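Taking it in order: structure first as structure tokens, then the write-up.
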Amino acid sequence: MATTGAGQSDSLFDAAEQEAALAAAPLAVRMRPRSLSEVIGQRHLTGEGTPFRKLADHDAAMSLLLWGPPGTGKTTLAQVVSNVTKRRFTELSAVTAGVKDVRAAIDAARRELGLSGRQTVLFIDEVHRFNKAQQDALLPAVENRWVSFIGATTENPFFSVVGPLLSRSLLLTLEPIGDGDMRAVIERAVADERGLGGAVSLEDGVTDLLVRLAGGDARRALTYLEAAALGLPAGGRVDVAGVERAVDRVAVRYDRGGDQHYDVISAFIKSMRGSDADAALHYLARMIEAGEDPRFIARRLIVHASEDVGMADPSALQIAIAAAHAVEFVGLPEARINLAQAVIHVALAPKSNAVIKAINRAAADVRAGLIGPVPAHLRDASYRGAERLGHGTGYRYPHDFAEGVIGQQYAPDAVAGRRYYEPTRHGAEARYAERNERIRAILDDAEDAAGPAAAPGHENS
């Protein structure tokens, strides 16, 4: 069902009723910015000279897709554009609306445009929930600019929005609200007359707790604040215990810039290294509940998958990377499931630190000056004159030999014969250890180094 913004010509309420309705609205709705100057965060979109700012300042016809996590300001930006440009604002939710509702909203916008010349901002929340037919119904209005279309989505629009609509829209990405901006949102809500009007104050630690619980979602922060302040007398103080009771969650003692951050992540990594999946899941949950950046957790998983699992289970790195992608595409709270799956996989995988030891040994030799020139037969032979310099001469193309391996020197003389990778016999690395031994025997056998000359075109392969 279409709804219109307060103060617009086709509002169902008069001014007094609108004011009463706004007073009864949730804190997050009451504190919604009315102008671009009131918007906190998303400076990459609202700053001077940005495409979004130009569209708003110059009252240009527009078609926008706003992509970002919940509570980052997608609806707010749409309503601010409507307010700034004095356009009629019509909102549909893709959760409940159908093609009939879309067409009715477009017809009303066309009538308004024809009668008064006034443009309509058609805002569709959760546009990714529309099927192809519903999204296609928007195309004529967008193509002919009967409306200024703004669609909001928490899903990747390249997967969830039809190509024709995507190609006709400017895609803008919203980021989770940063800690500093979130504090500003909370402080404004406490002081502003539209919010709590200074009737209550926050004890030490409450703002930090709300920031952590919000996880970058301003709507969540204000909802928790309102619940904690409910029932307090004028001059009352919101404390940590009050927030805990209001949101039914215990405040996790955790400082992302202090000892808890480093101690918990250290215990998390060491639990996975020690193959204790349950302990690792405890620390994962502890970090998530405390508001740790899930991308930080995912990065540590990726590192650990190579540092402590490595070739004992090469799929661990793939699983960790997949979890990191899930964090970006899905976001919390759902991405906690993907992270948990990766933690369990990595914790239970056979362990080997042979990979990190190998690269550390190689790096130590390089830092010690054991470098030397690249052997002549391995040098680039693709340019004119390289042959006269002896580049590529004598190179043996491994694919010309039965096992795909032929004995010839690859390392510079300074480190010839050095051994960096020493595989364990743990898990899948046992197979790599056996193959590594066979290959080394071939490479070290000078007699096997003789063979046919490289075929034409193979010199630089």
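The values are calculated or read from the model by the stated rules, or taken from the named source; none is laboratory data. Remember, predicted model here, so these are calculated numbers, not experimental data. When we count neighbours, we look across all protein chains shown, and the Cβ atoms used for this are built from the backbone with ideal geometry, even at glycine.
Points to keep in mind about this one:
- Candidates Arg219, Arg237, Arg273, Arg194, filtered to the one that is among the basic types (Lys, Arg), modelled with pLDDT of 85 or more and in the same structural domain as Ala335 (by TED's automatic domain parsing): Arg273
- Close contacts from segment 270-286, counting a first residue that is within 20 Å of Asp313 (Cα to Cα) and a second that is polar (S, T, N, Q) and surrounded by 15 or more Cβ atoms within 10 Å (Cβ to Cβ), with Cβ to Cβ under 7 Å and a gap of 6+ residues or different chains, come to Ala280/Ser271.
- The residue of segment 375-388 that is surrounded by the fewest Cβ atoms within 10 Å (Cβ to Cβ), among those that are aliphatic (A, V, I, L, M) and modelled with pLDDT under 80, is Ala386.
- For segment 125-144, a tally of residues being touching a residue at least 40 places away in the same chain (Cβ under 8 Å) and of a type in the set (A, V, I, L, M, F, W, C) returns 2.
- Of all residues in segment 331-340 being surrounded by fewer than 22 Cβ atoms within 10 Å (Cβ to Cβ) and touching a helix residue (DSSP H, G or I) at 6+ places or on another chain (Cβ under 7 Å), the one that is farthest from Asp308 (Cα to Cα): Leu332
- Wholly within segment 95-153, helices (runs of 4 or more DSSP H) carrying at least 1 residues that are of a type in the set (Ser, Thr, Tyr): 99-116
- Test result for Val147, within 16 Å of Asp101 (Cα to Cα) and either assigned by TED's automatic domain parsing to the domain that holds Ala109 or without any contact (Cβ under 8 Å) to a residue 12 or more places away in the chain (or both): yes
- Residue within segment 300-321 that is under 22 Å from Arg212 (Cβ atoms) and not aromatic (Phe, Trp, Tyr) present: yes
- Selection status of Ala60, within 30 Å of the chain's Cα centre (by Cα) and either surrounded by 19 or more Cβ atoms within 10 Å (Cβ to Cβ) or modelled with pLDDT under 90 (or both): no
Rundown of residues vs (1) β-branched (Val, Ile, Thr); (2) part of a helix (DSSP H, G or I); (3) surrounded by fewer than 18 Cβ atoms within 10 Å (Cβ to Cβ), yes/no style:
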residue: Ser275; (1), (2), (3): no, no, yes
residue: Ala280; (1), (2), (3): no, yes, no
residue: Arg295; (1), (2), (3): no, yes, yes
residue: Asp308; (1), (2), (3): no, yes, no
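- Yes/no for Leu339 being modelled with pLDDT of 90 or more and either within 30 Å of Ala229 (Cβ to Cβ) or in contact with a Ser or Thr (Cβ under 7 Å, 6 or more places away or on another chain) (or both): no
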